[in-house]
Amino acid sequence: MSKLGRFLTILLTASLGCTSQAVAQENAATEKLTRQNEQFKEQILQVADNVYVAVGYSVSNVSMIVGDDGVVIVDTGMMGEAASKIARKFREITDKPVKAIIYTHSHGDHTGGAPAFLGSERPQIWAHINFGSEARPWKAGGLTFQNVRGARQAGFKLPPEQRINNGVAPARYPKRGGEVFSANGGTAPTHLLEEDRKVIEVAGVELELTSSPGETNDGISVWYPAEKVLFAGDTFYRSFPNLYAIRGTPNRITRFWAGTLSKLADRNANVLVGGHTVPVVGGDEVKQVLTDYRDAVQFVHDKTVEGINEGLTPDELVEYVQLPERLASNEYLQPFYGHPDWGVRQTFSNYLGWFDGNASNLFPLPPKAEAERVAKLAGGKEKLLDSAKAALAEDDNQWAAQLADHLLAINKDDSDAKQIKADALTKLAHNMVNATARNYYLTVARELREQVPEAEARSRQPQRTTTIASVGDAVMEKVDLVLPDELYQGYLFWHQADELATDVVNYAMLLDAEGKVVHRWDTDLTGGGHTSYLLKSGGLLRMGIRDRKYVAGQPVAATDTLQVTDKTGKAIWELRAETIDFNGNKITFHHDMLPMPNGNILVLIYEEISPNEAVAAGWSAGKGKTVWSDGVLEIKPDLDENSYEVVWYWRFIDHMVQDQDTKAGNYGVIADHPEKIDGHFPESYAPMNAVRQHLNSLDYHSGMDQIVVSSLIYNEIWVIDHSTTIEQAASSAGGRRGKGGDLLFRYGNPAAYARGTEKDRLFQNQHDANWIDEGLPGAGNILVFNNNTDTSSMARLGNGGAAAAVSQEQLKGISNVHEINPTVDDDRRYVPDQSGTFQARQIWFWTSDDFFAPFQGGARRLPNGNTLLTDTVGRRVWEVAPDGDVVVRYKGPAPNFKAFKYSAEQVANLLE
């Protein structure tokens, strides 16, 4: 074995027994799956003299080949923040520019991180001629449910404590949810592999690209002969291959996959870099691994065909096809991700389709009709229910689940059956080494439990706690207190919020300087992606999810319930989105809301827009599919009567401009209408049937009667006039400024209104745009939490303040905070400059090399001039002095959208 091979062996051996997280109900299966976390330790591995592999940072491996005058990147990972971190690590090795990116296939977890590697020189981007072909049938047919199944398979709807890993990848919560398994068109290929093989030379590096069908039919393997390194993509990883994905996928041809593995084995490589997990190093080891891998796939194919020819059905085949012991016990073929049984069923389906050959199944009874007959056979529904309960008590969990299915076929609302099935699936999950099956079981179990009425659920199980701590518990860690004399003395308001973990309990706490809970607000709502606001009464304004069915299929962070609570968290007023008649369209609340000085409530909404309405507005994203238009709703609550009145609203779709269809509505020249919003920006986002604006924060200035919102997709903040009537807000006239609901000011990305290019973009995925309150230092200025800034797209930071001293190079992949003062004329009107772009003066700017919040986050000014910053994903809160020095850093108990700090006087009625 080579030195490098011995190094990797020692590395893995040293980490044996270390797990990334504690897992409930430890048993042989969960322990085995937990040990697989050893494959996902963040590390940069040098596998050859000029070849480096980033493992564990993203859900897939990212590789770098260093050439004479540049580098080649093989796959880019999934999420931008992880890719940016990898790019920084790679730049510590070499500062040579990226000359080429090669996608081994089109799954988003391998392509989504590409923007982090683009640089100023646009590299070649290589992919297979069939790139994205797996997802095309879904899009052409209008399918969306594969995303629901994909989220179940990956565990995206599970809380972190229920996830171990994804079999061949660490547990992550990507923004694209179940869509990560489909093609990511964010950075399209510039060069295509159209033949079986092609030799390319980039940066003095000669590589051979080979068509390698397996997990997808757009697979490419990359052979680097000079160092004998083979990049296999998802044709190989340290698990039994996923010959069929339970999320649902077009056919994966088992025979082709085996053929590709044979060709890979014939390379006689010294290093094998799979799409996931730690590379295999050593010529003999690589040869044996690929041979065994090929033998396992070929065996599944050949044995299945043998059984088919004997007339066996798929159910019979999974018993018939059993891997030989030498393969079943092989460490590289453990079923962490794929499973032989699924490969058997996939192979049958590839050759013969849905019909299993049993004549009784040509026209079977519908599930309900069959279930009614089974119940009759059992002696009635109650007897069938008793049998299901007995099976569950005896840990005959699969049988219990199937009996519950019969009961649910008879009555889909049978709470007893839902609970039995949920408990059976949970037990099956805890004895399952296959991560995708485990995640699917647990997710469906959660969905079933959410459908059980609350009173019935309480009668079956102990009341679950609605907060993570009691008063007096220490839940927050003070990482360091650097400048105690400059600390603003007060109490932190901490509200759990994670826009990707929609099932978590929606709790809130007030914490003292030592991180102890001094007050808590209980809740009966779930849902993340938003905050709560503390009211003068000591109660909360909050949102959450009451009915999961209502928000199913809605965009990220959608909720259905607004509440005003008392000091304990008990709701004293509640509004359900489904009760609001809004232009005949369905709406949901999302991300942010705000208590107004007059007692009303502003809240962000998603509005479902029908294809007809979208097309009439010239919005081609809605052609043949539902899209969502963001909006702002003002609600006047009546706490005594528990009623409400919608008194004002603003809709994105009323203020669109488009230049694609001269015959449709809102046609115009984008650059001539900075007050309008280009409905097809950015171009790469236009085909998606999703929310087009992704507003993620909301604030109100009572003196100006204006609202500021933040759009993640447009990378801008927008200011709109609130002094309008409902009719004026839908038009371009009226209100104090005479512009109706058109934009008064926009800032962060002039390319969004064709007055700039990518290099002029200042913000990227920003959150929490808010006016600094009257009486605070900087009053009237706007704070913006900018999540992820990249030098390839970062504009100059303007004049004045700390910004003048900060170069673009220092800002790579680091979150930062802007305090700006918009440019206005003598009448306090926002006016573009001569180039047609809106401007603002940079008052204060802050960043730190180790402060990076990939999504969400907040920035709030404190009375002493400090600024409170929230890193949602990292569960961190920093307090920063006006000169930029860090005063204190906290590590909190859970993700928190934006933290607030209150003086003792402000919360005196809450302190015990």
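Each reported figure results from applying straightforward, stated rules to the coordinates on display, with no laboratory input. Since the model is a prediction, treat every value here as computed from it, not as a measurement. As a convention, Cβ positions derive from the backbone with ideal geometry for all residues, glycine included, and neighbour counts pool all protein chains shown.
The calculated FRET efficiency for residue 683 paired with residue 774, based on their beta-carbon distance and R0 = 35 Å, is about 0.30. For the residue pair residue 365 and residue 206, what label-to-label distance in nm results when each label sits 7 Å from Cα along the Cα-to-beta-carbon direction? For residue 365 paired with residue 206, the spin-label model returns 6.9 nm. A crude spin-label estimate for the pair residue 96 and residue 291, with each label 7 Å from Cα along the Cβ direction, gives 3.5 nm. Between helix 415-430 and the chain there is an angle of about 70 degrees, using the helix long axis and the longest principal axis of the Cα atoms. Cross-link pairs exceeding 23 Å in C-alpha to C-alpha distance, out of 759/891; 418/549; 586/636, comprise 759/891. For the chain, the longest principal axis of the C-alpha atoms and the axis of helix 145-154 are separated by about 80°. Both numbers refer to the Cα atoms of region 266-359; Rg and Dmax are 15.6, 52 Å. Both the radius of gyration and Dmax for the chain are 28.5, 88 Å, in that order, over alpha-carbon atoms.
Backbone N atoms of region 106-138 closer than 14 Å to the 7 Å Cα→Cβ label point of residue 190 belong to residues 115, 117-127. Computed from Cα atoms, the angle from the helix 340-352 axis to the main principal axis of the chain rounds to 80 degrees.
Straight Cα distances below 23 angstrom link residue 139 to the lysines 175, 623, 625, with same-chain residues fewer than 8 positions distant left out.
Here the mean projected area of the convex hull built on the C-alpha positions of region 824-870 is 5.9 nm².
By the Kirkwood approach, averaging reciprocal distances over each pair of separate Cα atoms, region 59-199 gets a hydrodynamic radius of 16.0 Å. Measuring nothing but alpha carbons in region 365-460 and taking Rh as the Kirkwood radius, the Rg to Rh ratio lands at 0.98. Global dimensions of region 504-559 from alpha-carbon coordinates: Rg and Dmax equal 13.3, 41 Å. For region 204-246, the mean projected area of the C-alpha convex hull, equal to one quarter of the hull surface, is 3.7 nm². With each label modelled as a point 7 angstrom along the Cα→C-beta vector, the residue 198-residue 663 pair spans 3.8 nm.
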